[in-house]
1. Examine segment 107-117 for a residue that is in contact with an Asp or Glu (Cβ under 7 Å, 6 or more places away or on another chain), in contact (Cβ under 8 Å) with a residue 24 or more places away in the chain and within 16 Å of the ligand (Cβ to nearest atom), and state whether such a residue exists.
2. In segment 130-153, is there at least one residue being within 16 Å of the ligand (Cβ to nearest atom), within 22 Å of PRO68 (Cα to Cα), surrounded by 15 or more Cβ atoms within 10 Å (Cβ to Cβ) and of a type outside the set (Phe, Trp, Tyr)?
3. List pairs: first in segment 68-79 and touching a residue at least 60 places away in the same chain (Cβ under 8 Å), second within 6 Å of the ligand (Cβ to nearest atom) and basic (Lys, Arg), Cβ under 8 Å, 6+ apart or cross-chain?
4. For segment 85-104, give me the residue count where each residue is assigned to a strand (DSSP E or B) and either within 16 Å of the ligand (Cβ to nearest atom) or crowded, with 20+ Cβ neighbours inside 10 Å (or both).
5. Inside segment 108-167, counting only strands (runs of 3 or more DSSP E) that do not spill past its ends, which hold 2 or more residues that are aliphatic (A, V, I, L, M), farther than 24 Å from GLU98 by Cα and not assigned by TED's automatic domain parsing to the domain that holds LEU62?
6. With the requirement that a residue be among the hydroxyl-bearing types (Ser, Thr, Tyr) and either under 20 Å from the mean Cα position of the chain (by Cα) or surrounded by 15 or more Cβ atoms within 10 Å (Cβ to Cβ) (or both), what does segment 65-84 give you?
7. Could you check how many residues of segment 48-84 are at pLDDT 95 or above and either part of a loop (DSSP other than H, G, I, E, B) or polar (S, T, N, Q) (or both)?
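The values are calculated or read from the model by the stated rules, or taken from the named source; none is laboratory data. This one's a predicted model, so the numbers in the text were calculated from it and none came from an experiment. As a convention, Cβ positions derive from the backbone with ideal geometry for all residues, glycine included, and neighbour counts pool all protein chains shown.
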Amino acid sequence: MKVVRIFIILMFLTICACEKEKAPKRAASLEGVKEKAQKRAVSFKGASGIPPKAEWSVTASLNSEKAPLAIDNDRNTGWNTSRKQSPGQRLKIDLGSEANINEVIIFSRPKDHPRSLVVEVSSDDKTYRKAKEIKRVPDSTETVISFKGPVQARYIRMTQTGEDDRYWWTVKEINIR
Ligand SMILES: [Ca+2]
């Protein structure tokens, strides 16, 4: 019986020693996983894959030459309709490549927020699908358009569908996240 007991104790000590040896290896392999994840995040331009603004382009149904001022990272510059709001005024953003979009934020001059807005998205600039419609956009210089879940798209088309008998539609800057 004594021999059996000694044998069991020896076995127990051996297992403990083995586990101790494994622990640092496990920590090292965890570090490896972390490193790989970080590298992946860098190569995919962040979790959502939204390209930097320098890779975007933007056109408009009116004053298209001013449209790039809506994506120049400066809230003092912007695009506007230079006429009162009426349905069909449109801005189209090309991100340069596909991304997962959660939110589009547009900054306006006071009172120049879009009255109503339809946001459509596309991967090929041919087939568009509606991602959001806001029938009455709140009076604010910052309009946040949130999607239900991430929307995969390269092109985002925003169409103003409301009317105002006085104010223009102005977009000082567009942020997408
Ligand atoms: Ca701007």
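1. yes
2. To start, the set of residues in segment 130-153 that are within 16 Å of the ligand (Cβ to nearest atom) comprises 141-143.
Remaining after also requiring within 22 Å of PRO68 (Cα to Cα): 141-143.
Remaining after also requiring surrounded by 15 or more Cβ atoms within 10 Å (Cβ to Cβ): 141, 143.
Checking the rest, the ones that are also of a type outside the set (Phe, Trp, Tyr) come to 141, 143.
The answer is yes, given that some residue of segment 130-153 is within 16 Å of the ligand (Cβ to nearest atom), within 22 Å of PRO68 (Cα to Cα), surrounded by 15 or more Cβ atoms within 10 Å (Cβ to Cβ) and of a type outside the set (Phe, Trp, Tyr).
3. Between residues of segment 68-79 that are touching a residue at least 60 places away in the same chain (Cβ under 8 Å) and residues that are within 6 Å of the ligand (Cβ to nearest atom) and basic (Lys, Arg), the close pairs are ALA70/LYS172; ARG75/LYS172; ASN76/LYS172; THR77/LYS172; GLY78/LYS172.
4. Pass one, segment 85-104, residues assigned to a strand (DSSP E or B): 89-104.
Still in the running and either within 16 Å of the ligand (Cβ to nearest atom) or crowded, with 20+ Cβ neighbours inside 10 Å (or both): 89, 91-93, 95, 99, 101, 104.
Total satisfying the criteria: 8.
5. Working: elements: 117-122, 129-134, 142-160.
Here the list is empty.
6. Of the residues in segment 65-84, the ones among the hydroxyl-bearing types (Ser, Thr, Tyr) are 77, 81-82.
Hit for segment 65-84 is THR81, nothing else.
7. Here is the first cut: in segment 48-84, the ones at pLDDT 95 or above are 50-84.
After this cut, where a residue has to be either part of a loop (DSSP other than H, G, I, E, B) or polar (S, T, N, Q) (or both) as well, the list is 50-52, 56-57, 59, 61-64, 72-78, 80-82.
Residues meeting the conditions: 20.
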